[in-house]
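The next block holds one structure in the form of structure tokens; read it before the comments.
The values are calculated or read from the model by the stated rules, or taken from the named source; none is laboratory data. Note that the coordinates shown come from a computational prediction; the quantities given were computed from them, not determined experimentally. Heads up, the Cβs are rebuilt from the backbone with ideal geometry, glycines too, and the neighbour counts pull from every protein chain shown. To get the accessible areas, we keep the full protein, side chains included, count just its heavy atoms, and leave off ligands, DNA and RNA. Shrake-Rupley method; radii C 1.70, N 1.55, O 1.52, S 1.80 Å.
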Amino acid sequence: MPKDLFVSALLDVYGEFLSKKQRDLISLYYDEDLSLAEIAENEDITRQGVSDAINRAKSRLYKLEESYGYCKKFLRLKELKENISDAESAKEICDIIDNL
């Protein structure tokens, strides 16, 4: 399973909408960079069980992002913050905040 680092950002924004177990497993995989086998051994579950739980959690996170889009907005705000010296960036930041 190739690692998509966007999932870590989604986890930061929507992690509370997952079960504690899903949140823990996906965090171990994406944030702690443990392999599925390492997580399975540490959690005393099968590698397939870890993979299934992570896939369900990822699916939930992507659906939440598709519905609300908060993560992409947050990442865009962070990007604009770096260029806040121009008026166009400041206006876009304000527009994004107003639409939240």
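Protection proxy ranking, highest mean first, for peptides 48-57, 74-83: 48-57, 74-83, where packing is the per-residue count of other beta-carbon atoms within 10 Å, averaged. At a 1.4 Å probe, what is the % contribution of carbon and sulfur to the accessible area of the chain? With neighbouring chains kept in place, the figure for the chain is 50 percent. Accessible area per residue for the chain, computed on protein heavy atoms with a 1.4 Å probe, is 66 Å². One chain, two ends: E79 and E16. Fully extended at 0.36 nm per residue, the span grows by 20.2 nm beyond their Cα-Cα distance.
For the chain, just say rounded, prolate or oblate: build the C-alpha gyration tensor, square-root its eigenvalues into a ≥ b ≥ c, call rounded for a/c under 1.5, and beyond that prolate if a/b exceeds b/c, oblate if not. Taking the square roots of the gyration eigenvalues as a ≥ b ≥ c, the chain is prolate.
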